[in-house]
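Chemist: First the structure, then my questions, so here it is.
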Amino acid sequence: KQWYQRRVHGNKVNGSAVKNGNLNALHTRDWKVNASVVAKNTFNPIRNILETMTITPCPSKKMISLSIGDPTVFKNLNPAVEVVEAMHKSLDSGIHNGYGPSTGFLEPRQAVADHVSVPGGEVTADDVILCSGCSCALDIAISTLADEGQNILVPRPGFPLYTTLSAGLGIETREYNLLPNQDWEVDLDHMESLIDENTAAIIVNSPSNPCGSVFSIPHLKQILAIAEAYKVPIIADEIYDNFVFPGQTYVPIASLTTTVPVLSCGGLTKRFLVPG
């Protein structure tokens, strides 16, 4: 018990002399629990709007919310039966209910590697880290590559979570323009103008949220050329991989380079309808 108790004898605390006045002040001061700098700097605009707005929809029409990318919320898009059965089988087996490796079990990491590998962009299980959703993957990628005081480049328009994850860590987000008259391709000159010695990464989002654009191979190579010239790694947000209309082709940016480091972030949420 002595290890956990703070013992006070006379005017001593744990054997160290303390003036009675100071000790009394410790006992009588008011509570003051402050939020950390990280907490104060962290703000999610999507959640702020979604969770605080109060609206009255038209009584004769069913409201369809377009505020959050959850494909299951209206119950018209449900997970495949095979997905649900696989989850039940895994839980019932009891084999994987305990703590696993920090990067995830080998078997699912290998399954992910097999699923995402393409010619020129092959990966192994050792290249895969399993996270709690693509947002967690982005969080790890940003905090791995950038330090406080550095900056990362993000698209505009773009997913605001990039800034949410960065601001709390003291990482600046610099927004490069997407061109609406050119199918929302990157303004390459503007992107290049934002890079300096403190630029730690470029986030590339294709297929794009919210623009829906799918970058062509030539355009992806132009982005890679900038990254190569300035030796800036890429964080590829590819959660909407293969969500393309006929006539469009999704190409993983990592498959087009053997020199530019790419951290690709994806997930099961959209394609397999299992958010959360």
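The values are calculated or read from the model by the stated rules, or taken from the named source; none is laboratory data. From a predicted model like this one, the values you see are computed outputs, not experimental measurements. Note that each Cβ is placed from the backbone with ideal geometry, even for glycine, and that neighbours are counted across all protein chains shown. For the accessible areas, the whole protein counts, side chains as well, though only heavy atoms, and no ligand, DNA or RNA atoms are used. Shrake-Rupley method; radii C 1.70, N 1.55, O 1.52, S 1.80 Å.
Chemist: Please find the FRET efficiency linking H96 to D147, where r is the Cβ-Cβ separation and R0 is fixed at 41 Å, and quote it to the nearest 0.05.
Modeler: Values: r = 35 Å, r/R0 = 0.85.
E between H96 and D147, to the nearest 0.05, is 0.75.
Chemist: Rounded to the nearest 10 Å², what accessible area does E172 show when all protein chains are kept and the probe is 1.4 Å?
Modeler: 90
Chemist: Net charge near S213, counting Lys/Arg +1 and Asp/Glu -1 over other residues with Cβ under 11 Å of its Cβ? Working shown, then result.
Modeler: Numbers: positive: none; negative: D183, E185.
Once positives and negatives cancel, what remains is -2.
Chemist: Okay, moving on. May I ask you to derive the FRET efficiency for S60 and Q182 from their Cβ-Cβ distance with R0 = 41 Å, giving the value to the nearest 0.05?
Modeler: Numbers: r = 41 Å, r/R0 = 1.00.
E(calc), rounded to 0.05, equals 0.50.
Chemist: Find how much the distance from K32 to N198 grows on full extension, using 0.36 nm per residue of separation minus their present alpha carbon separation; answer in nm with one decimal.
Modeler: Working: separation 166, 0.36 × 166 = 59.76 nm, distance 3.64 nm.
Residue separation times 0.36 nm, minus the Cα-Cα distance, leaves 56.1 nm.
Chemist: State the three equivalent ellipsoid semi-axes of region 143-260, derived from the C-alpha gyration tensor as the square roots of 5 times its eigenvalues, in descending order and whole Å. Before the final figure, lay out the partial values.
Modeler: Numbers: eigenvalues 101, 49, 35 Å².
Semi-axes from the Cα gyration tensor: 22, 16, 13 Å.
Chemist: Nearest 5 percent is fine: what portion of the DSSP beta bridges confined to region 159-276 is antiparallel? Intermediate results must be reported in sequence, preceding the final value.
Modeler: On the way: 2 of 10 bridges.
Just about 20 percent of them are antiparallel.
Chemist: Can you tell me what percent of all Cα-Cα pairs in region 97-183 are more than 17 Å apart? Before the final figure, lay out the partial values.
Modeler: Working: 2292 of 3741 pairs.
Distances greater than 17 Å cover 61 percent of the Cα pairs.
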